[in-house]
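Beneath this line is the structure, given in structure tokens, with notes to follow.
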Amino acid sequence: MTKESSKAPPLYPKTHLLAASGIAALLSLALLVFPSSDVEAKKTTLSLELESPAEQLTQDQDAAEAVEATNESAASPFAQIENGAEETQETAEAAPEPAPAVANVEEKKSESHREVIVAKGDTLSTLFEKVGLPTTSVNDVLASGKQAKQFTQLKRGQKLEFELGPDGQLTNLHSKVSDLETITLTKNEKGYTFNRVTAKPTVRSAYVHGVINSSLSQSAARAGLSHSLTMDMASVFGYDVDFAQDIRQGDEFDVIYEQKVVNGKAVGNGPILSARFTNRGKTYTAVRYTNKQGNSSYYTADGNSMRKAFIRTPVDFARISSKFSMGRKHPILNKIRAHKGVDYAAPRGTPIKAAGDGKVLLAGRRGGYGNTVIIQHGNTYRTLYGHMQGFAKGVKTGGTVKQGQVIGYIGTTGLSTGPHLHYEFQVNGVHVDPLGQKVAMADPISKGERGRFLAQSQPLMARMDQEKSTQLASAKR
Ligand SMILES: [Zn+2]
């Protein structure tokens with residue numbers, strides 16, 4: 001069970017909890033909100049910044065608002081995207097559409113073309129009236145088919161365009177209902193034909209650069225990175241960076257991502273193509289690569305997997321004496337109990353290695369587990385090593401360990417029948433079988449694809465360098 005969490009969860013001020021109206025919001029908070037000063041104080045003796053409680057509160061409220069704001073904009077993707085477009089370098093050509101101005105009816109060159117902008121209280125009838133069409137033609141239009149009724153779902157600011165024949169009769173009516181969709185009615189002998197045209201966006205890449213000065217979510221929003229891309233970035237770097245607790249002022253990021261564009265206007269985003277994240281002076285890189293089998297994954301710029309491959313077996317020359325199961329008879333308690341780990345029998349004193357890089361949450365006694373080490377790996381993974389004879393030199397609660405580092409030795413402390421390692425693996429707090437397929441053990445780029453990978457990776461890294469220096473230079477001016 002997970003009762004072995006030795007560390008209290010980070011304390012969030014009330015404002016945060018109020019803002020968190022659902023699990024998603026809580027997740028955002030955990031991922032994106034700057035750690036509270038309490039946590040900060042525990043972690044470092046040197047406080048980065050002295051803040052009065054009042055200032056702290058304001059900052060936290062801001063952060064909470066920012067989370068709310070990003071949630072709101074996530075609900076209306078277009079608003080979000082337009083925002084982002086302003087900040088990105090690539091969107092210079094995106095000419096803003098003229099705002100629907102005061103004039104409701106606009107005479108154009110051609111006598112047979114009329115445009116009208118939907119205003120408050122308008123109906124299709126009032127709009128037809130405004131362009132001089134008789135009420136009967138509204139009826140004709142609506143009677144022409146079910147789909148024609150889509151012209152009655154009017155939004156303020158929507159533009160309706162009318163083409164009139166020489167006799168003043170309506171020949172064509174069309175309107176853009178979104179950045180991607182236009183609906184059209186065209187007159188034929190029998191009535192009107194309805195058509196919906198969906199524009200196919202072109203895909204280009206966009207770049208953003210941001211420096212964190214309060215919270216990741218605020219800084220990302222300011223840089224023009226959408227909420228969902230910010231979450232994507234946190235997940236790409238989630239193996240290396242603890243976004244809940246390790247984010248510091250001055251951390252920075254560069255992201256190149258796919259942007260969907262229609263008529264020069266950004267209408268949506270695709271995946272992150274490459275990213276860099278500098279956390280406390282250490283820079284991590286990520287490049288998305290689709291291998292020849294068609295599987296996409298993120299790798300470091302030099303081709304290693306972003307998912308740190310865990311060592312599958314933390315003890316060399318050991319024999320599996322008990323497998324992972326949801327129900328087995330406990331050898332000592334003589335009761336049916338789930339065995340949420342794998343037992344490796346080996347001679348007393350055999351070294352036990354850390355399955356991956358991480359923080360030592362516990363190196364000490366833990367009930368029936370006896371001498372136990374618990375390691376937290378990034379945000380997602382946690383491993384536990386039980387029944388140890390003793391701990392390796394330098395392994396202590398609060399410290400860090402490297403993958404493969406010896407953390408202790410096989411023993412039989414706690415509820416144990418003989419010398420063995422009891423090994424548990426958790427993904428987001430859920431026990432999984434370390435021998436099973438559920439745990440992602442990603443491999444680096446294969447030798448055969450290395451050239452192809454670097455041909456994609458190197459230009460992306462070079463571009464981030466170049467775009468960043470251009471942006472910094474223009475900021476100085
Ligand atoms: Zn066991």
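Nothing in this text is a laboratory measurement; each read-out follows from the coordinates by a stated rule. On a predicted model such as this, the values are computed, not experimentally measured, just so you know. Quick reminder, even Gly has a Cβ in these numbers, built from the backbone with ideal geometry, and neighbours come from all protein chains shown.
Points worth noting:
- Segment 108-164: GluC sites (Glu not before Pro) in DSSP loop, at most 10 other beta carbons within 10 Å: Glu111
- Full extension of the chain between Lys292 and Asp167 yields a length gain of 38.9 nm, computed as 0.36 nm times the residue separation minus the alpha carbon distance.
- With neighbours defined as other Cβ atoms within 10 Å of a residue's Cβ, the residues Thr278, Thr123 order from fewest to most as Thr123, Thr278.
- Over 19 Å between alpha carbons, listed pairs Lys155/Lys190; Lys323/Lys402; Lys282/Lys402; Lys282/Lys393: Lys155/Lys190; Lys323/Lys402; Lys282/Lys393
- Cβ-based exposure ranking for Ser178, Ser321, in which fewest neighbours within 10 Å come first: Ser178, Ser321
- Only Lys, Arg (+1) and Asp, Glu (-1) charged, at Cβ; segment 111-198 dipole about Cα centre in debye: 380
- 3J(HN,Hα) along segment 411-428: x, 9, 6, x, 7, 8, 8, x, x, 6, 9, 9, 10, 10, 10, 10, 10, 6 Hz, from the Karplus curve 6.51 cos²θ - 1.76 cosθ + 1.60 with θ = phi - 60°, whole Hz, x for Gly and Pro.
- Net lengthening on full extension, Leu472/Val211 (0.36 nm per residue, minus Cα-Cα): 92.8 nm
- Available extension along the chain between Thr136 and Thr417 is 92.0 nm, counting 0.36 nm per residue and deducting the alpha carbon span.
- Approximating the spin labels as points 7 Å out from Cα along Cα→Cβ, the Leu435-to-Thr400 distance works out to 3.3 nm.
- In this label model, Arg463 and Glu129 are separated by 5.3 nm, measuring between points 7 Å along each Cα→Cβ vector.
- Cα lying deepest toward the dipole's positive end in segment 177-323, options Ile247, Val262, Ser214, charges on Cβ: Val262
- Short-range pairs are left out: with C-alpha atoms under 8 Å and at least six residues apart, the relative contact order of segment 122-206 is 20 percent.
- Distance between modelled label sites at Gln147 and Ile320, nm, 7 Å Cα→Cβ extension: 5.7
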